[in-house]
Protein chains: 2
Amino acid sequence: MSIEQKSAGTVALYQRIRTDLETRILSGEWPPGYRVPFEHELMQSYSCSRMTVNKVLSALAAAGLVVRRRRAGSFVSRPRAQSAVLQIPDLKAEVEKRGERYGYQLLKLTKRIATANDRARLAVGARESVLALRCRHDADGEPFAIEDRLINPQAVPVALQQDFSVIPPNTWLVGQVPWTEAEHRIIACNAAGADAAELKLDEGTACLVIERKTWRNGEPITAVRLTHPGHLYNLIARFTPTG
Amino acid sequence: MSIEQKSAGTVALYQRIRTDLETRILSGEWPPGYRVPFEHELMQSYSCSRMTVNKVLSALAAAGLVVRRRRAGSFVSRPRAQSAVLQIPDLKAEVEKRGERYGYQLLKLTKRIATANDRARLAVGARESVLALRCRHDADGEPFAIEDRLINPQAVPVALQQDFSVIPPNTWLVGQVPWTEAEHRIIACNAAGADAAELKLDEGTACLVIERKTWRNGEPITAVRLTHPGHLYNLIARFTPTG
DNA sequence: GCGATCCATTTGTCTATACATATTGGAGGC
DNA sequence: GCCTCCAATATGTATAGACAAATGGATCGC
């Protein structure tokens, strides 16, 4: 091939390739476990040297988007485990990791046109519908969390067919629905009303509340409010100043 | 130079170089703003090709440790701002950012040989001393946080000369003492005893408690427990799955 | 003294090549 | 069927050379 390094506009070739691959991964076109084309194949399809695609794949590996294995190839990785605060935990897995018996009960499920309150939480359009769920997670028979969730069926139409009386929405979403951005808000408040009753707590017991919103390429996916008994749950994060 | 790629043990050359440079930066030997040697110089001192040192410097730039400028060189950057949960906030700055009047009062300061409890919190040696402080932060005259802190004077000897009746330890440490690792634990609990009284809260009011430990190259610096009234403080984190 | 211009320097990107290393899949022996 | 060993293959690391782009500083003209 000829020496024409910055042909397309002003953007570097390896940047263009990286964006390409990232798009395919984040869009779900290449799901977790998918084998990314070999360096050899990429260098043919982009008409460039191996060093260039190697730089891209190494960078994606450093960013945790792919895992590279000698002789086997590069594979789209599952979302990395992060420090716990910045994780979206699967409550079922968390409970079982602690060696306790996991229990789950769907308390309520409705599909409705978004109310003003719903729209404040989920930012969907005025006439659009939302899926609202409320359920309880138990550890060894003791209530462990109340999950109050809104799902945007426009973003996740499959959710309407899902049977959430068996699979917790938390577990299902973590495993099935890719997301690109999330926000946590962590609050301490006193248990009251239905929350207190369903968690079998005295009124006023301190609870740790995690409100989380997730988006996929700017489109809201779900908003959840997880209320945990303060004495049963706390969050841990380890980090360094360099990020 | 000869072709002998993996001479020193089994560790890659570019990894060795990267560790070298990172150590110098994190140890403070190369402070923020310091000009890292040019690629040309590094390739001479490590007897390697430019591509190799370029790979190292590009990786450090991607990690945010250095900033690179054409013709000028590479410079050690200031620590990046992080998402709020993974930040060590300066409470004074936080309060003033919200447009409220900041107040501060030192409640207690003692220097003592570490008790068993102290050592559980700070992991200092058996006969070593610790600096223990307790203070209150106010926003617009209302109690905003109780700060319960241990400082390791072995790691931060300057702390012994500091006048903490004027400068909050939080503010002083954030500005003065570099750290390499930190851990947060976030808890919800009911206010009780001295905490409730000093925060002017009714017994049982939900509080958000942040326990933080910081280290510098493995040496413990400080351990702090910040107790905030739940209705006055919550934590926010925005993040993406790719890290 | 001041501003425009040019140049040397430094990083940015890319190529072609080379050898190292790990690992998978299969061939062959038992 | 199962184990061992081997070779093909994909990634990992490193090199030397090349040109591009940006810019700090010097030089030159006024």
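The values are calculated or read from the model by the stated rules, or taken from the named source; none is laboratory data. Quantities reported herein were computed from a predicted structural model and do not represent experimental measurements. Here the Cβ positions follow ideal geometry from the backbone for every residue, glycine too, while neighbour counts run over all protein chains shown. Just so you know, the surface numbers come from the protein's heavy atoms only, side chains and all, with ligands and any DNA or RNA stripped out. Shrake-Rupley method; radii C 1.70, N 1.55, O 1.52, S 1.80 Å.
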Subset of the stretch A:24-35 (residues that are outside any loop (DSSP other than H, G, I, E, B) and either more than 15 Å from DNA strand C (Cβ to nearest atom) or more than 27 Å from the chain's Cα centre (by Cα) (or both))
A:24, A:25, A:26, A:27
May I ask you to list pairs of residues, at least six apart or on different chains, whose Cβ atoms are under 6 Å apart, with the first in the stretch B:184-195 being over 15 Å from residue A:191 (Cα atoms) and the second being surrounded by fewer than 22 Cβ atoms within 10 Å (Cβ to Cβ) and of a type in the set (Ser, Thr, Tyr)?
none
State the number of residues belonging to the stretch A:36-57 that are part of a loop (DSSP other than H, G, I, E, B), closer than 21 Å to residue B:55 by Cα and not polar (S, T, N, Q).
1
Considering the stretch A:44-57, residues that are open to solvent by less than 90 Å² (accessible area, probe 1.4 Å), within 19 Å of residue A:23 (Cβ to Cβ) and near DNA strand D (Cβ under 9 Å from one of its atoms), and then whichever is farthest from the chain's Cα centre (by Cα), we arrive at A:53
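Residues that are open to solvent by 50 Å² or more (accessible area, probe 1.4 Å): list the strands (runs of 3 or more DSSP E) wholly contained in the stretch A:137-233 that include at least 2 such residues.
Strands (runs of 3 or more DSSP E) meeting the threshold: A:181-190, A:206-216, A:219-229.
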For residues that are without any contact (Cβ under 8 Å) to a residue 24 or more places away in the chain and not in a loop (DSSP other than H, G, I, E, B), scanning just the stretch B:58-72, find the one that is nearest to DNA strand D (Cβ to nearest atom).
B:69
Checked pairs for the stretch B:24-51, first farther than 24 Å from residue B:180 by Cβ and within 14 Å of chain A (Cβ to nearest Cβ), second open to solvent by less than 40 Å² (accessible area, probe 1.4 Å) and within 15 Å of DNA strand C (Cβ to nearest atom), C-beta under 9 Å and 6 or more apart or across chains, list as B:50/B:39; B:50/B:42
When the stretch A:37-67 is examined, which residues are found to be more than 11 Å from DNA strand C (Cβ to nearest atom), closer than 14 Å to residue A:77 by Cα and among the hydrophobic types (A, V, I, L, M, F, W, C)?
A:57, A:60, A:61, A:62, A:63, A:65, A:66, A:67
